[in-house]
Amino acid sequence: MAIGALIGAYQEDDSGGLRALLPLAGRTLIEYQVRCASAAGAGPIVVVVERVPQALQDAFERLRLDGIGAFPVSDVAEAVSRFEAGSAILLIGDGVAPPVDLIAELTGDAEPAVATVPDDELHEAYERIDAGTRWAGVAIVDAHLLGSTAAMLGDWDLQSTLLRRAIQEGARRVPVLADGEPLLAESGDQLADFQRHLVQSSRGGRDDGASRFILPWAEDFATEQLMETKVRPSWLIWAALALTLGGAVCFSRGWLGAGLVMLLLSTPLDLVASRLASLRLKPLRAKMWSRLALWPASGIALLAIGLWETRHGTGWGSLVAAAAACTFAEAARIEKSVMPPGGELWLLSRRNAIFLAIPFALGGVWTAYLIAVLVYAALSFFIIQRVRHSASS
C-alpha cells in the first residue's frame, strides 16, 4: 500500500518561533521529521503550515538539494489533494521528534495505528486520548479519513481532530516503550538530550582496533562540528580517497613522513561521513565506488613504499614484501565474512595498517614496516581460514 506523510509545522515554541524550526543535529526539527518519513519510504510528504518564514523556506531548500521533496500547504483541502485515494498517511505531530525505529514499525504494516504513552506526570504535554493513555505524536491514518475530516474541520485543529477520528474508527493502539518514546519539544533545551542520543547512536559498531580505540575522539569532534555545516558525506569520502592517493604519490617521491601524515588524516573521514549520513537519515550507498576505492588506494600506497625502498637501499625484496602483503590482505578481506561479531577487531584493516606504520616511521625503518604488514596480513588470513574450517566441520 502506498504511504504518504502529513507533518504539522504551525505551532509556536516558548520563544514565539515555530517548533518546527527548533535546532536538532545541525539542522531543524522539521528536517529531521521529513527525513524520518522519507527514510520510511513515505511520499508525498506534506507539511501543514500557517506561514513560511525564511528559515522554514531554507529548511525545505536544504531538503530539496538532498533529493527529498516536502510540500508546504496552508489549506487542508490542498493537503487532501496531495494524497492518492486509498493510501495510508503517516501523521507526525507538530514539535514531535520520533525515533526512526518507531516510524519504521508503524509504516511497516501501513495499517491504521496510534502510538501511545502513559497518562502520567512525565507526559503531561502530550495530547490525552483517554484516562490511561496519551498520543505519542505518531500515527497511521487512512487517506479517506483525512478527506472526511477536512470536510468537517471548521476551526478545529487538524492533527487533533484527525487523531480523535482515527481512535473512533478503531485504529490499533501501539504502546511505546520508555526507551523508544518520541519527544514532544517545546524549546530547544528539550531537544539537547535527544540530539546527544542521535549523535551517540550514529557511531554504530566498529570492526577494527584503530576505529574503536584510537579514533573515537577525533571522529566525535569532527561529527559534532560538521553536522551543522553544508558538508556532504560524499565530500568526506572523496577527501579520504584524495589523501590516500596523495600519500601514495608522496611515498613514491620519498616524502615518507608527509605520506604517512596524509594517510593518518584520511583514517577517520569515512567514519565521519557515515555518521553524518546516518544523522541526516540518508545512509551512504553500500556500493559507493569512491568508498570502495579506499581499500585498493591503500594498497597502492603500500606498493609505493615498497617501490621507494627497492630503489633506495634494500633491493627488490621490499617490493615483493609489499606485493605479498597486498595479496594476503585482499584474500583476508574476501574471506572475513565468516568471522563472528567483534572477531575482526585485531585483524588487518586499512586503519590498523596505517597506525602500525607510526613506530616504524619514527625509527626510519620502512622496510621493517613492510615485513611487519606482510606478517600481519598473513596471520590475519590464516586466522580467518582456521575460523572458516572450524565453522564448516
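The tail of the calculated P(r) for the stretch 69-174 beyond 19 Å holds 44 percent of all Cα-Cα pairs. Label-to-label distance for Asp130 and Asp179 is 2.9 nm, based on points extended 7 Å past Cα in the beta-carbon direction.
What number comes out for accessible area per residue over the stretch 1-81 if the probe is 1.4 Å? Units Å², please.
39 Å²
Calculate, in whole percent, how much of the Cα-Cα pair population of the stretch 263-310 lies beyond 16 Å. When every Cα pair of the stretch 263-310 is considered, 52 percent fall beyond 16 Å.
The apolar share of the surface of the stretch 83-203, taken as the fraction of accessible area on carbon and sulfur atoms (1.4 Å probe, ligands and nucleic acids excluded), comes to 49 percent. Over the stretch 85-141, the ratio between the Cα radius of gyration and 2.2 N^0.38 Å evaluates to 1.16. Note that the stretch 324-329 has calculated 3J(HN,Hα) couplings of 5, 4, 4, 5, 5, 5 Hz, one per residue in order, obtained from phi through the Karplus relation 6.51 cos²θ - 1.76 cosθ + 1.60 (θ = phi - 60°); glycine and proline are x.
Per residue, the stretch 282-393 exposes an accessible area of 55 Å² to a 1.4 Å probe, with every protein chain left in place.
In order along the stretch 366-376, the Karplus-derived 3J(HN,Hα) couplings, from 6.51 cos²θ - 1.76 cosθ + 1.60 at θ = phi - 60°, round to 6, 5, 4, 4, 4, 5, 5, 5, 4, 4, 4 Hz, and Gly and Pro are given as x. Working from the Cα coordinates of the stretch 235-360, the gyration tensor eigenvalues give, after taking √(5λ), semi-axes of 27, 18, 12 Å in decreasing order. Accessible surface calculations at 1.4 Å, restricted to protein heavy atoms, place the stretch 112-258 at 51 Å² per residue. With 0.36 nm allotted per residue and the present C-alpha distance subtracted, the Glu330-Arg386 stretch has 18.5 nm of extension available.
The translational diffusion coefficient of the chain, from Stokes-Einstein at 10 °C and 1.306 mPa s with a Kirkwood hydrodynamic radius over alpha carbon pairs, comes to 66 µm²/s. If the segment from Val338 to Met288 were pulled out straight at 0.36 nm per residue, it would be longer than the present Cα-Cα gap by 15.7 nm. Surface listing: Arg172, Arg275 arranged by accessible area from highest to lowest gives Arg172, Arg275, probe 1.4 Å. Ellipsoid semi-axes for the stretch 8-59, based on the Cα gyration tensor and the rule √(5λ), read 19, 13, 9 Å when sorted largest first. Inverting the pair-averaged 1/r between distinct Cα atoms of the stretch 60-121 gives 14.4 Å as its Kirkwood hydrodynamic radius.
Stokes-Einstein, applied to the Kirkwood radius of the stretch 1-158 over Cα pairs at a viscosity of 0.692 mPa s and 37 °C, places its translational diffusion at 206 µm² s⁻¹. Couplings 3J(HN,Hα) for the stretch 159-166, derived from phi with the Karplus relation 6.51 cos²θ - 1.76 cosθ + 1.60 (θ = phi - 60°), are 5, 5, 5, 5, 4, 4, 5, 5 Hz, where x marks Gly and Pro. Shape summary of the stretch 18-107, radius of gyration then Dmax from alpha carbon positions: 12.6, 36 Å. When DSSP beta bridges are restricted to pairs lying wholly in the stretch 1-81, around 30% turn out antiparallel.
Computed on the Cα atoms alone, the convex hull of the stretch 269-339 gives a volume of 107 cubic angstrom per residue. Gyration tensor analysis over the Cα atoms of the stretch 144-255 returns equivalent ellipsoid semi-axes of 49, 18, 14 Å (largest first, whole Å).
One decimal place: the segment Glu78-Trp235 gains 52.7 nm when fully extended, by the rule 0.36 nm per residue minus the C-alpha distance. Label positions at Glu121 and Ser148, each projected 7 Å from the Cα along the C-beta direction, are separated by 4.1 nm. Label point of Asp101 set 7 angstrom out along Cα-Cβ; within the stretch 202-221, amide nitrogens under 18 Å from it belong to 202-206. Taken over the Cα atoms of the stretch 343-393, the convex hull encloses 57 Å³ per residue. Applying 1/(1 + (r/R0)^6) with R0 = 45 Å to the Cβ-Cβ distance of Leu379 and Glu50 gives a FRET efficiency near 0.10.
The values are calculated or read from the model by the stated rules, or taken from the named source; none is laboratory data. Note that this is a predicted model, so its numbers are computed, not measured. As a convention, Cβ positions derive from the backbone with ideal geometry for all residues, glycine included, and neighbour counts pool all protein chains shown. These area figures cover heavy atoms from the full protein model, side chains too; ligands, DNA and RNA do not enter into them. Shrake-Rupley method; radii C 1.70, N 1.55, O 1.52, S 1.80 Å.
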